[in-house]
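Worksheet: the structure to be examined is printed underneath.
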């Protein structure tokens, strides 16, 4: 068990606690039963619980203020001290929807499904209410499935349809939604309990009545009996870090720990940088101005602030000055713009009334910012600060009056100790690798770039992977165990790339080389994203060949032409983006991927995806179809200074071959441009204004 916990201890370092209310199942509740309570909107929680019946590892995210989601990995009978032979490793997804918000006279009411996509081992549904009376919080609920094993009354839904009378008791292989089981069964159980908060002690006392009798585990001999009464105590030693100990079912002691953070937290604004690039003297020559001119002085300050000042154009009447800049260090684009405008206010002649800032992201100019300067007799006192900023389409300066020539080629190197986490696979909750990750990036001019990364293994436990590739499809991903073992040290990527504009609202990305750890090849992605529109459309085409398992330069025989047509929608709700990709995948199967992600100004990304292709569930194998969740943690909230670095991970319930795409190529351009997208900039106009 210690080996299993090590990766989770590494994972915990990314969590900055806020608030928490933990339950064994990850979902907000008491001990084992759910409550109608929700976490704060945008809260992300990781939890671990341990008891005789099961070890449960969970990730919980508050999707909206009224919808909570949980991904859960369960190891039943982890110690097997009774010799029951219960060796099920189960993955399940839970959702809980708030129906009514708590009011002075009315409780909060929620409805939930504990096992939406899992095997059904925890299959149950519930309707639950919670009402607070000062420090006392009462919960009462009705449950179906496992939560009806201590039946209290007949299922009232059988009066609506006969289909609610029966419920399958079989445990499947997961991946399918068991609609026929939801809220079905002859009986309904009642569960409830309360928590009492000792505010001065940061402690809660918990008592619950559980309508789950643990029939499955009793029949297998994991526990001899199960009392409905459980009780425990939860302590919060720091905001958001919760530790609990409890006595459950009358015969076992449980323990849990959870940590959570607020993904909606406002991005910190820092004046210092991790690196001061002025010492590298990237700017070799300035055409059209002297170094001691206002442009030269601005150039030096902008570069030291973590940006590149590429060119400028000043109108003949000196009323308008246009600049093209690239942000290298600021996680939030608005902070980079604010810093540039602050420096421009210092250095620009007073005659300049309007400043245009064209945003260049790796060669792509999608949008620009217009800033109306305010001083002297030009000051408009009634104008709101955010109205000084206007978002306009970005276009290159055709004939700049001043241009900076940067050193070509410009090569930067990086080296850091990194971790790779493989979470919640069917045989083990977590595997890890600690490695030295070295990288190099070369600017070759004209927005051609060469990227390389090489990983040096320090320690891993990939030797515990015993599952082989048994897919009937081409082994486009299921051979990942061989890459992890034979290529624990090796070339991760080496490729040439170019990005740019193809006219207004049209963008492209082309690349060739060793694209990722399993594939090398050539490809291109095209994007049509109209100015200020919430809709965008993309196309990508890639020819790739599978790499050898040692992650060297050799290639295997398998090759494929893959590509997708994509539609993107930046919804007006809660910063959610939705994408649909239709096309051909690595195993030559045809289908579509639906992707939903929530992106915050602070750089946090949380999302989920599901892919459905013409591969049948039987041919796909365990899991039935490809699906997973992913997240991105911005490191500027952890490290000192400004940085655009981040930690990302994707968690699949199981890695199979159906519905697989290239990693990091093909459908990424729209998301890469999000920092300069109209809605992202427009939401942060006030933050761009100098002095605001």
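Name the one entry in 504, 509 that is crowded, with 16+ Cβ neighbours inside 10 Å, in contact (Cβ under 8 Å) with a residue 60 or more places away in the chain and under 26 Å from residue 569 (Cβ atoms).
Working: 504 fails: crowded, with 16+ Cβ neighbours inside 10 Å.
Testing whether each residue is crowded, with 16+ Cβ neighbours inside 10 Å, in contact (Cβ under 8 Å) with a residue 60 or more places away in the chain and under 26 Å from residue 569 (Cβ atoms) leaves just 509.
Can you find, within region 152-167, the residue that is modelled with the lowest pLDDT among those that are assigned to a loop (DSSP other than H, G, I, E, B) and surrounded by 14 or more Cβ atoms within 10 Å (Cβ to Cβ)?
Among them, the one singled out is 167.
Restricting attention to region 169-188, report how many residues are surrounded by 12 or more Cβ atoms within 10 Å (Cβ to Cβ) and modelled with pLDDT of 85 or more.
8
Quick check on region 255-268: of everything there that is touching a helix residue (DSSP H, G or I) at 6+ places or on another chain (Cβ under 8 Å) and surrounded by 15 or more Cβ atoms within 10 Å (Cβ to Cβ), which residue is modelled with the lowest pLDDT? Steps first, answer last, please.
Taking region 255-268 first, the residues touching a helix residue (DSSP H, G or I) at 6+ places or on another chain (Cβ under 8 Å) are 259, 265, 267-268.
Now drop any that are not surrounded by 15 or more Cβ atoms within 10 Å (Cβ to Cβ), which leaves 259, 265, 267.
Working: 259: 94, 265: 87, 267: 81.
So, considering only residues that are touching a helix residue (DSSP H, G or I) at 6+ places or on another chain (Cβ under 8 Å) and surrounded by 15 or more Cβ atoms within 10 Å (Cβ to Cβ), the one modelled with the lowest pLDDT is 267.
Let me confirm something: among 16, 31, 46, which residue is under 16 Å from residue 254 (Cα atoms) and either surrounded by 23 or more Cβ atoms within 10 Å (Cβ to Cβ) or at pLDDT below 95 (or both)? So that I can check it myself, show each step before the final result.
Numbers: 16 fails: under 16 Å from residue 254 (Cα atoms); 46 fails: under 16 Å from residue 254 (Cα atoms).
Every option except 31 fails the conditions.
For region 97-151, give me the residue count where each residue is within 19 Å of residue 185 (Cβ to Cβ), in a loop (DSSP other than H, G, I, E, B) and touching a helix residue (DSSP H, G or I) at 6+ places or on another chain (Cβ under 8 Å).
Residues in region 97-151 being within 19 Å of residue 185 (Cβ to Cβ), in a loop (DSSP other than H, G, I, E, B) and touching a helix residue (DSSP H, G or I) at 6+ places or on another chain (Cβ under 8 Å): 6 in total.
Is it the case, given these coordinates, that residue 205 is modelled with pLDDT of 90 or more, part of a strand (DSSP E or B) and buried (at least 21 other Cβ atoms within 10 Å of the Cβ)?
Details: modelled with pLDDT of 90 or more: yes; part of a strand (DSSP E or B): yes; buried (at least 21 other Cβ atoms within 10 Å of the Cβ): no.
Against the criterion (modelled with pLDDT of 90 or more, part of a strand (DSSP E or B) and buried (at least 21 other Cβ atoms within 10 Å of the Cβ)), residue 205 does not qualify.
Hey, which of the strands (runs of 3 or more DSSP E) in region 576-692, taking only ones fully inside, have at least 2 residues that are surrounded by 20 or more Cβ atoms within 10 Å (Cβ to Cβ)? Steps first, answer last, please.
Details: elements: 576-584, 590-599, 605-613, 626-634, 646-652.
In region 576-692, 576-584, 590-599, 605-613, 626-634 are the strands (runs of 3 or more DSSP E) which contain 2 or more residues that are surrounded by 20 or more Cβ atoms within 10 Å (Cβ to Cβ).
Taking residue 90 and the conditions (1) in a loop (DSSP other than H, G, I, E, B); (2) under 23 Å from residue 220 (Cβ atoms), which numbered condition does it fall short on, given that it satisfies the others?
For residue 90, the failing item is (1).
Taking region 564-575 as the search range and keeping residues that are out of contact with any helix residue (DSSP H, G or I) (no Cβ under 9 Å at 6 or more places or on another chain) and in a strand (DSSP E or B), which one is nearest to residue 663 (Cα to Cα)?
My answer is 564.
Looking only at residues in region 400-427 that are touching a helix residue (DSSP H, G or I) at 6+ places or on another chain (Cβ under 6 Å) and within 30 Å of residue 653 (Cβ to Cβ), which one is surrounded by the most Cβ atoms within 10 Å (Cβ to Cβ)?
By that ranking, first place goes to 419.
Can you find, within region 545-563, the residue that is surrounded by the fewest Cβ atoms within 10 Å (Cβ to Cβ) among those that are touching a helix residue (DSSP H, G or I) at 6+ places or on another chain (Cβ under 9 Å) and touching a residue at least 12 places away in the same chain (Cβ under 8 Å)?
550
Anything in region 280-313 that is touching a strand residue (DSSP E or B) at 6+ places or on another chain (Cβ under 6 Å) and assigned to a loop (DSSP other than H, G, I, E, B)? List them, or say none.
Hits for region 280-313 are 282, 288, 289, 306.
Would you please name the residue that is farthest from residue 445 (Cα to Cα), looking only at residues in region 314-330 that are part of a strand (DSSP E or B) and within 40 Å of the chain's Cα centre (by Cα)?
Initial filter on region 314-330 (part of a strand (DSSP E or B)): 314, 320-327.
Still in the running and within 40 Å of the chain's Cα centre (by Cα): 321-327.
On the way: 321: 25, 322: 22, 323: 19, 324: 16, 325: 16, 326: 14, 327: 17 Å.
If we take residues in region 314-330 being part of a strand (DSSP E or B) and within 40 Å of the chain's Cα centre (by Cα), then 321 is farthest from residue 445 (Cα to Cα).
The values are calculated or read from the model by the stated rules, or taken from the named source; none is laboratory data. Nothing here was measured: the structure is a model prediction, and the numbers come from that model. Neighbour counts run over all protein chains shown; Cβ positions are idealised from the backbone, glycine included.
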